[in-house]
Every structure is written in C-alpha cells, then in structure tokens.
Protein chains: 2
Amino acid sequence: MKNLIVAQSGGPTAAINATLAGVIKEWLGKNDGAKVYGSRFGVEGILNENIVDLTGLSEDDLDKLMRTPASALGSCRYKLSDPKEDETDFKRVVEVFRKYDIGHFVYIGGNDSMDTVHRLSEYFSENGITDIVVNGAPKTIDNDLCGIDHCPGFGSAAKYIATVCSELAREVKVYDKENILIVEIMGRHAGWLTAAAALAAENNKEVPYLIYLSEVKLSVNKFVADLKEAMKNSKNVIVALSEGVMIETESGIHHGSEDEVDAFGHKQMAGNGRILEKILKDELKYKARYIELSLLQRCASHCLSETDIIEAVELGRLAVRLGLEGESGRMARLTRVSDEPYRVEYSSVDIKEVANLEKKVPSTWINEAKNGVTEEMLRYLKPLVKGEMSCRHKDGVPEFFVI
Amino acid sequence: MKNLIVAQSGGPTAAINATLAGVIKEWLGKNDGAKVYGSRFGVEGILNENIVDLTGLSEDDLDKLMRTPASALGSCRYKLSDPKEDETDFKRVVEVFRKYDIGHFVYIGGNDSMDTVHRLSEYFSENGITDIVVNGAPKTIDNDLCGIDHCPGFGSAAKYIATVCSELAREVKVYDKENILIVEIMGRHAGWLTAAAALAAENNKEVPYLIYLSEVKLSVNKFVADLKEAMKNSKNVIVALSEGVMIETESGIHHGSEDEVDAFGHKQMAGNGRILEKILKDELKYKARYIELSLLQRCASHCLSETDIIEAVELGRLAVRLGLEGESGRMARLTRVSDEPYRVEYSSVDIKEVANLEKKVPSTWINEAKNGVTEEMLRYLKPLVKGEMSCRHKDGVPEFFVI
C-alpha cells in the first residue's frame, strides 16, 4: 500500500491540528505499515522536500496535537501556477510523490488551498496519473468556505469571540460613566466571526451590542445614530466590528488601513475600529476604546469548542477515507441535519464547488437595522460553540505538540 | 450586631469578585442576621447612597460571582480629599454608615483604594468613632502592592499572559519566514505582568522571547541588537513589552502615547509596541506585528488561575475576620512560606505600609542583558498560575453573576 502525505495551508486556526490528528489517526488505524508523512509549510514542503515522518506518533502525542493551535506542520500562502502555463511545480510534486511512494495527499486549508487540491487533481487526471489521489479537508476561522455548513476552526474562534465579548460587557460596565468599547474582529469579506458577538449579547442583555458585519456598508452618521439610540438605555455599549466593514465618512470610504497585500493579493485589513474610535473621541467627545482581537482569536487553544474539535478530527478522518475509497478532487464536508438536537452528516463535495469561492452571510440573517443579526443566525451559531475543551497544561502553562 | 458594607475600586481583575464572594461568604457564615451591603461604584456608592443588599445571595450565586470578571459592584477612581482641608466626604460616609447601621467596611482595591482605607480609618480614630472598622482586601493585576507577596488578580492575569504568549509562539512559527511579534502588556511602572511571558518562554524553547519590563529603559539600538542576536537561531521572535517601558530613540524618549490622564493623575499609556513595530517595518524592513492585550488581560475569566481564585476568596474572608477581631486600618495579606511545595500564610499589614506605594520588580530579578528574567523570578511566578479554573458557561457561552 502506498503512503500518505498531509499538509496544512492558509491562516492558523485553533482546530487545524485536530484535523491533522484525525488524518494521522485514521491512517494509522489502517495499520498495514504504510507511512504517513507531513509536508512542512504547506505544499512548499513538497516542492522543497521538507518532509517529516509522522508514522511514529503515539495516542498521547495525537491528543496533545489535537489541542495545539496554529499549523503544527507550518503553513504557506503559495499558489500553484496554471499548469497550462507552467508545469514545473506539478512535475516536481509528482517527482517527490514517486520518491516517497505517495498515493494519497490530504491538504487541510481554506478556499485557496482547495484551489491547490483542484489543480493537482485535474493535473493528475489529465496526465493519466491514476495512482495518486488528492483530497481536501476544510479549515478556516472565517467560515467562508462554500459547499459546507460551517468550517472547522470557526466554532472555536466564534466561542472565543463570544467569550471575550461577554467578559468585555462586564468590563465596560465597571465605571458609572459613558463608555463605548469597539472590538474589531477578523473577516475580510464575510462577517461570520463578528456575528458570534451576538452570542455574548444573548447572555448580557443589560449591555447593548451593535454588530456590524463585513457585508454591511456603514456610514459614520448611521453609526452615531445607532450609538445614540443604544445609549438611551445604557451608558455603555459594545460595538463588534468586522475588519471588512466599509466605513463611509465625509472624506470617502475607509476600508481599514489596506496597506499590505499578501501573496494571494488579499488586502490585509486593520484599523476600522481605530477610525470609529477616533471619530467618537475627537468629534463626539465620547469615552471610547478600541480593541483589535488580532491573532489572539485564531489561536485560542485555551478556549476551544468541543463541538468544533470533534468535527475537525472527524473531517480529517473522512478526507483519508475518501482517498481510500478511490475518490480524488473532493473535500470532506459536513451537512447540518438539525439545529436542536444538533446533528450533522458527513459526506464530500466536488472541490470545484469550493475552490476560490467565498460564502458570505446571507442578507436575511442580518437584522433590518443592519446593526445585529437575526434569530436564524443565532440558531445557526449556537450549536457550534457548545462544549468546553482546552489545550493541555503543564504546571498551569499550555503544553503543545511541536513537530 | 452591626452590618457590613463592601465596595470595589480601581481597575477590573478576573479575581476581584472572588474576593467579594469571600467577604459575603464569611459574613453570611456568621449567621446572626446582620446584613451585608454592597456599595455600587466604589466609595462613590456610599457618598451617593447607591447601595444594594447582598444578604440574600445563595451559594450558587456566590460560586457564579467568584468566576465573574471585573467588579460586579462597579468601581470608581474617586480619591477622598484630605480631611484637614475638606471633611465633607468623611461626614457623608459617617452619615450613611449610621443610616445603614454599618460597623464594618471592607474596601477591595489597589494602592489608591488602600489610601481611602487609610484616610477613613484615621478619620474615624481621630474623631472618636470607635464602632466602625475599615479594612482593605488587596487586588490588582499589576502586582505592585507593597506589604504582600503577590496580589489577587495577578495570578490569573499572569496565567492569561503565559497562555496567549504560548499560543502566539505557535502562531508566529507558522510561516517559514522572518516574523516578529510584539505583545504589549499592561504595567505602568512595574513589569510583573510582562515577566509572566517568561513562563511561556519556558515551555516554548524553540522560539526566542525578548522580555522588556517597565523597569527597563530601552534604546532602539539595543532592541535591534537584541533582535538580531535572537534571530541568529530563529526566524521568529516574540517580544513581550511592558506598556511602561521607556523607549529611547534618536528623537528622544517615547513613553507610550501619554495622551490621557485618569482621575488619579496616572498617565494612560499605550503605543510602545506600535513605536517598535514601526521602526522594525519602516527602517529595518522586517515583517513585524504588534498586538496590544489591552483590557482582555484583566477580565479573562475563562482562563483563571485556581491558586489565584482560592487566595482571592481567602483574603476576602480574612478582611472580614480582621474587622470582627476589632482591627481597623489594616489590609488582609498573604506571605509566602515556600515556593515548592507552594505554601502561604495569611495575616494582615498596617494600611500605611501599602497606601500609595508601588512595588517594582527587583533589579536582581531582571537578567543582565535586560531582556528577560532570572530563575528567581520564575520560581516566584510558577506557583501563582497553577490550576485551571473557568467562568461558568451556559450553552458554551460564559454566564456571569450580575448585581
């Protein structure tokens, strides 16, 4: 039997290593002596032959790995070229796969990584390479993957956001003074993560939350009007703001700082919260403070959703089974069968329905005032954050699995 | 028997309500029908007669309260005047205490709040008021109180910092690229909290940590030299930076943004990390990112140190017992008897030895290169973060006790 190689790509999540642990567990469960390799730093590790043997990992290692944040194998943002224009990378992948006797490749990642799966599977099929299968396992805190109810990594990040937005409601009410707290949350084009602040709002009814998703264009006048309305009932307001919200001011549209562009041409946004904070402080003389959750929200292994981690492991296992069943060019997925009791079914989806596409929040899940979410969104979110799980600790400090 | 009133003051912590729960538990345990009142928003609630009756709280309420962050009674930064200049506030306090038949006042807070305890106890004693005692219970994430080994609230904040600085070590190593992460940590004049990053460094040896405490003056040249040295062994470095570090650049000394001053005349600092990030990016062309832990570090009830919470409760109980034993003008304290096994003894200290004073990190606990801490500091820190405890959850989202 041929060996398996697994790699991770895209931005870190708190659940991506749970999927890696699932892949390794499933493969080792087959127990026929075939190896499981890891490619370091995504597909670049295959091109550079930066490969580690993971076959010897113990149950205890895998438990620790499952609760370790970020990508234990490392990640990349490398995009394969179009093979019609340049076959170099593809030939190199095949060469390395032959050398390590690889028959199965599982790529764990988001919509860009699924593009890699798509290109490789197409290349193999068009070039008569029938003894290597390549399948994807989903991950992204952004929850913007198509073809799947929700993504591993999202539930834990959503739980983290619901948690800190609950804690900050206690914090913002401490002084008997007007005080507005702006929390900037990741999400370039999709506001799923910011929507998770609504879970905090549910449990902290005495503090108004204004929630602006990336799908919303927000004029400063509208924001100030929303705030004044909320402050009729409370001196303290929490503003949950997607980094991707388009803010319309008199001087034009601000879309974060927009001063960096990553390898995929994505703009790195940050600074929306700072723009609003400045307007509140300088122009309206309100006491306002701005917090950017930044990287903290995508690697909070001390605040895992048990539901998320269980599903992340299962999708890793499934990606392996897909290959064993001869499938290629597919992504492991889950479909929601019911909200309450929460139940999902596992299957797979053609990678073409996932690669390079983005799933935005449906407009019907945003409230009419465009400053919160609907009951439908809450029903969707609630099961995903259920159950508390944490990283392992040694003497009170996290202990991670390092490959 | 006369009634007790309790209030909270100063900045929020994750343990201040554990001390409040301890005060209420101890008082209710006396079980003679005397009431326990809470003053809302610190001593201002006494002046404004904004008082709630806490006598009816159940064991379950108190358990939830113990795990609720920030100040459940609210806080203030109000400083009592010098009674020799203006007795108004003091007369008002006595008037309200008489109305509610108060014989015991417990004030939970930091060095400014202990000044209030000091002034009140002196005023009572100088004016022949012998039937009201006032004692303090310590809290501050900054750990800068004198007369005590360490402060409730510090252990949980230190655990939070050790936790996120561990997680960020996983995050910073994800890409196979040079990447520097600057984490700005609270601490105006004392670097205790920033030192807690050393606990993360202990568990993540493959990532160099540069740790700069508030006690250190840091020239940009020295910082760049430290960084270059660290990067000989690793592409990735974590810089843990006190908000209070004095940064010397060619254009002078930067000490955060320094643009706000609170009611006590303390400068609100922020922005040291941004200064260093800018230097790294603009002048050295390094990939660097700056994260400010901001309010998140002082209300992280989902990441409590069990040791801290147990001690916080116990010091609340003790502050009540001090009064019952007829003491006044004292602060409940703990003294460390041994590091391993960790053991503390509870006693009390004259409030004059605490009020308005600040305990800095001893220079012998900072390493010679001034970019880390010594073994002594690690021995001091380790027991304080031990044991995992969390806020309560309802359907995966924190559930807090709201007064």
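Scan region B:347-403 for residues that are of a type in the set (Val, Ile, Thr) and either assigned to a strand (DSSP E or B) or without any contact (Cβ under 8 Å) to a residue 12 or more places away in the chain (or both) and jot them down.
Within region B:347-403, B:VAL349, B:ILE366, B:VAL373, B:THR374, B:VAL397 meet the criteria.
Only one residue in A:ARG317, A:ARG321 is in contact (Cβ under 8 Å) with a residue 60 or more places away in the chain, touching a Gly at 6+ places or on another chain (Cβ under 6 Å), in a helix (DSSP H, G or I) and surrounded by fewer than 24 Cβ atoms within 10 Å (Cβ to Cβ), so which one is that?
Criteria check complete, one pass: A:ARG317.
What tally of residues in region A:375-384 results from selecting those that are surrounded by 14 or more Cβ atoms within 10 Å (Cβ to Cβ) and more than 10 Å from every other protein chain (Cβ to nearest Cβ)?
Final tally of qualifying residues: 3.
Would you check if A:GLU122 is acidic (Asp, Glu), more than 16 Å from A:LEU47 (Cα to Cα), surrounded by fewer than 24 Cβ atoms within 10 Å (Cβ to Cβ) and in contact (Cβ under 8 Å) with a residue 40 or more places away in the chain?
yes
Sort out which residues of region B:125-148 are surrounded by 20 or more Cβ atoms within 10 Å (Cβ to Cβ) and either farther than 26 Å from B:GLY187 by Cα or among the β-branched types (Val, Ile, Thr) (or both), and write them in order of number.
Residues satisfying the conditions are B:ILE132, B:VAL133, B:VAL134, B:THR140, B:ILE141, B:ILE148.
Tell me which residues, restricted to region B:88-114, are charged (D, E, K, R) and modelled with pLDDT of 95 or more.
Result: B:ASP89, B:LYS91, B:ARG92, B:GLU95, B:ARG98, B:LYS99, B:ASP101.
Step by step: first the residues of region B:271-299, then only those that are under 19 Å from B:THR13 (Cα atoms) and in a loop (DSSP other than H, G, I, E, B), then the one that is farthest from the other protein chains (Cβ to nearest Cβ). Which residue is that?
Selected residue: B:LEU293.
Give the residue that is farthest from A:ASP308 (Cα to Cα), with candidates limited to residues of region A:346-370 that are within 20 Å of the chain's Cα centre (by Cα) and of a type in the set (Val, Ile, Thr).
Residue satisfying both the conditions and the ranking: A:ILE351.
Tell me which residues, restricted to region A:210-226, are among the hydrophobic types (A, V, I, L, M, F, W, C), in a helix (DSSP H, G or I) and crowded, with 20+ Cβ neighbours inside 10 Å.
Selection gives A:PHE223 alone.
Only one of B:GLU49, B:GLU87, B:GLU122 is on the phi > 0 side of the Ramachandran plot and not aliphatic (A, V, I, L, M); which?
B:GLU49
Run down B:GLU184, B:GLU229, B:GLU202, B:GLU206 and say which single residue is in a helix (DSSP H, G or I), at pLDDT 90 or above and within 14 Å of chain A (Cβ to nearest Cβ).
B:GLU202
Can you tell me which residues in region B:2-28 are touching an Asp or Glu at 6+ places or on another chain (Cβ under 7 Å) and assigned to a helix (DSSP H, G or I)?
Answer for region B:2-28, where residues must be touching an Asp or Glu at 6+ places or on another chain (Cβ under 7 Å) and assigned to a helix (DSSP H, G or I): just B:GLY22.
Evaluate the following for B:THR116: is it among the hydroxyl-bearing types (Ser, Thr, Tyr) and surrounded by fewer than 23 Cβ atoms within 10 Å (Cβ to Cβ)?
So B:THR116 fails the test.
Taking the conditions exactly as written (under 20 Å from the mean Cα position of the chain (by Cα) and outside any helix (DSSP H, G or I)), does B:ARG343 satisfy them or not?
No.
Output the residues belonging to region B:90-106 that are within 29 Å of the chain's Cα centre (by Cα) and closer than 10 Å to B:ASN3 by Cα.
B:PHE97, B:ILE102, B:GLY103, B:HIS104, B:PHE105, listed by residue number.
Could you tell me whether any residue of region B:129-136 is within 14 Å of chain A (Cβ to nearest Cβ) and within 20 Å of B:TYR37 (Cα to Cα)?
no
Mind telling me which of the residues B:GLY396, B:GLY372, B:GLY329, B:GLY387 ends up being assigned by the TED database to the domain that holds B:ILE16, of a type outside the set (Asp, Glu) and crowded, with 16+ Cβ neighbours inside 10 Å?
B:GLY329
Which of (1) under 28 Å from B:SER294 (Cβ atoms); (2) out of contact with any Ser or Thr (no Cβ under 9 Å at 6 or more places or on another chain); (3) of a type in the set (A, V, I, L, M, F, W, C) is the odd one out, the single condition B:VAL43 does not satisfy?
(2)
Out of B:LYS278, B:LYS287, report the one residue that is over 19 Å from B:GLY147 (Cβ atoms), assigned by the TED database to the domain that holds B:LYS217 and free of Cβ contacts under 8 Å to residues at least 24 places away in the same chain.
Exactly one residue qualifies, and that residue is B:LYS278.
Could you list, in sequence order, the residues of region B:166-181 that are more than 22 Å from the chain's Cα centre (by Cα) and within 10 Å of chain A (Cβ to nearest Cβ)?
B:GLU167, B:LEU168, B:ALA169, B:ARG170, B:GLU171, B:VAL172, B:LYS173, B:VAL174, B:TYR175, B:ASP176, B:LYS177, B:LEU181
Please give the strands (runs of 3 or more DSSP E) falling wholly within region A:29-110 in which 2 or more residues are more than 14 Å from chain B (Cβ to nearest Cβ), touching a residue at least 24 places away in the same chain (Cβ under 8 Å) and crowded, with 19+ Cβ neighbours inside 10 Å.
In region A:29-110, the matching strands (runs of 3 or more DSSP E) lie at A:36-39, A:102-109.
Return the residue satisfying two criteria in turn: it lies in region B:111-147 and is in a strand (DSSP E or B) and under 18 Å from the mean Cα position of the chain (by Cα), and of such residues it is farthest from B:ASN17 (Cα to Cα).
B:GLY136
Quick one: in region A:187-196, which of the residues that are within 17 Å of A:LEU293 (Cβ to Cβ) and not polar (S, T, N, Q) is farthest from the other protein chains (Cβ to nearest Cβ)?
Out of the qualifying residues, it is A:ALA190.
Assess whether B:GLU399 counts as being away from chain A (no Cβ under 14 Å) and either farther than 30 Å from A:LYS173 by Cβ or modelled with pLDDT of 95 or more (or both).
no
Of the numbered conditions (1) within 10 Å of chain B (Cβ to nearest Cβ); (2) part of a loop (DSSP other than H, G, I, E, B); (3) not basic (Lys, Arg), A:THR163 fails exactly one; give the number of that condition.
Of (1) within 10 Å of chain B (Cβ to nearest Cβ); (2) part of a loop (DSSP other than H, G, I, E, B); (3) not basic (Lys, Arg), only one is false for A:THR163: (2).
The values are calculated or read from the model by the stated rules, or taken from the named source; none is laboratory data. What you see is a predicted model, and the numbers here were worked out from it, not measured in a lab. Note that each Cβ is placed from the backbone with ideal geometry, even for glycine, and that neighbours are counted across all protein chains shown.
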